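Structure, as C-alpha cells:
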Amino acid sequence: MQQITNNILMIRPANFNYNDQTASNNYYQKRGLSVESANENAQKEFDLLVKKLISNGINVLVFDDDLKHETPSAIFPNNWISFHANGDIAIYPMFAINRRLERREDVFSFVENKGFNIKNVIDYTSAEDENLFLEGTGSMVLDRVNRKVYCSISQRSSEDLLIEFCEDFQYTPVIFNSFQNAEGQRLAIYHTNVMMCVAETFAIVCLESIDEQSQQKNVVNQLTESGKEIIEISEDQLEKFSGNMLQLKDSSGNPILVMSESAHKALNKGQLDKIQKHCKLLSSPIPTIERCEGGSVRCMIAEVFLPISE
C-alpha cells in the first residue's frame, strides 16, 4: 500500500465561476469577476499548474469539462470520486445540487482508456435523499498506509457516512471538529483537506482550528503513532490555503509536495525547512480559482491508485 501516487486526474473547467450553492458554508469564496474572465483566468491557471506537474514527472490525466451542464465547480473532482489500489472507485454524495452534475460515467471510461482497471463502483450518492453528504477526499484525509481517515465533521462531512466508508474500505476513523473565524463566529471548516494534509513521513495540520483539547490531542497522537512529523500551521496560514496541499511522486518515485503560490508564500522559513527535509516543493499561482471557488491545489487533484490494465 502506498500513500502517494504518480497518476492523477484533473478536470479542465469549461464554465468556471463563483458558485452560489457552495458559498453558504465555504467562507473562502469571494465574488468579483465576470463569468467570462473568471473562466478564462481559471483555465490559464489550470493549464500552468498542469504544465508544471507534467514537467516534474507527474502523469496527469486531463479531462475536459463541457458546457452541457452548469458545473462551475467541476475543477474539483476529488469531492465526487476516489480511485483505490484494489480497483474500487467510490462515488460521493454532494452538498450543492449543481455539483451533483459533475458525476459523469464518461470520466470512468476516460480513466480506463488511459490504461487503468476499474473493478468495482461503490456508490454513496443515495445518501443525498437524506441530506447526508461526504465529499470524497475533501471531507476525508486518508492515511492509506496506516489505514486511518481523518475527518472534521461538517455539513458536508457526515459522521454516519464516514463510518460506512471506513467499514467498506477498512479504515479507522479519526473524527474531530475544526473551526475558523467567519462572520464574527467560530464556524465549522467545510472540508478537512483545508486544515490538514497527510504525506508519507509528515503531516501539515492547523491544530489551533481544533477547539476541543481532547480532540486535538487525539489527532496529534494518531499522527505521531503513525510516524508522521507534525508541521503546524496557523489559522492565518490556513486561510491562505497552506493546509490544502498534496504529496505526489515523480516518475522516479521521488516525493513532491504540491501547493498554490499563496499557500507557499504564507509558510515561514522554519516550516519550509521542515517540509524540504522530507521532499521538494512545487507551487503554482491559482488566485482566481482560490478566490471564486474557495478551494486550492489539493482540491483540483483526484489521485489515481487503480491497478494498471493487463
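Each value in this text was obtained by applying a stated rule to the coordinates, not by laboratory testing. Computed from a predicted model, the values in this text were never measured in an experiment. In this analysis, Cβ positions are derived from the backbone assuming ideal geometry, glycine residues included, and neighbour counts consider all displayed protein chains.
Quick notes on this structure:
- Full-stretch length increase - Ala85, Glu229 - with 0.36 nm per residue and alpha-carbon distance subtracted: 49.3 nm
- The GluC sites (Glu not before Pro) of the range 180-231 that DSSP puts in a loop, and whose beta carbon has at most 13 other beta carbons within 10 Å, are Glu183, Glu212.
- The length gained by stretching the chain between Gln155 and Gln276 to full extension, at 0.36 nm per residue less their Cα-Cα distance, is 40.1 nm.
- Computed label-point distance, nm, for sites Glu105 and Asp123 using a 7 Å Cα→Cβ extension: 0.8
- The listed peptides 114-124, 250-260, ordered by packing as a protection proxy, come out as 250-260, 114-124 (highest mean of other Cβ atoms within 10 Å first).
- C-alpha center-to-center spacing [the range 37-69, the range 142-171] in angstrom: 29
- Proximal lysines relative to Lys44, as straight alpha-carbon distance under 20 Å, when same-chain residues fewer than 8 apart are discounted: Lys30, Lys52
- For the set Lys148/Lys269; Lys148/Lys265; Lys51/Lys280; Lys51/Lys114; Lys119/Lys217, the pairs lying more than 27 angstrom apart at their alpha carbons are Lys148/Lys269; Lys148/Lys265; Lys119/Lys217.
- Working note: Cα gyration tensor of the range 7-303, eigenvalues times five, square-rooted, sorted largest first, giving semi-axes of 25, 22, 21 Å.
- Per DSSP, loop GluC sites (Glu not before Pro) in the range 48-114 with at most 15 further Cβ within 10 Å: Glu70
- Between Asp236 and Asp66, the contour length at 0.36 nm per residue exceeds the Cα-Cα span by 57.6 nm.
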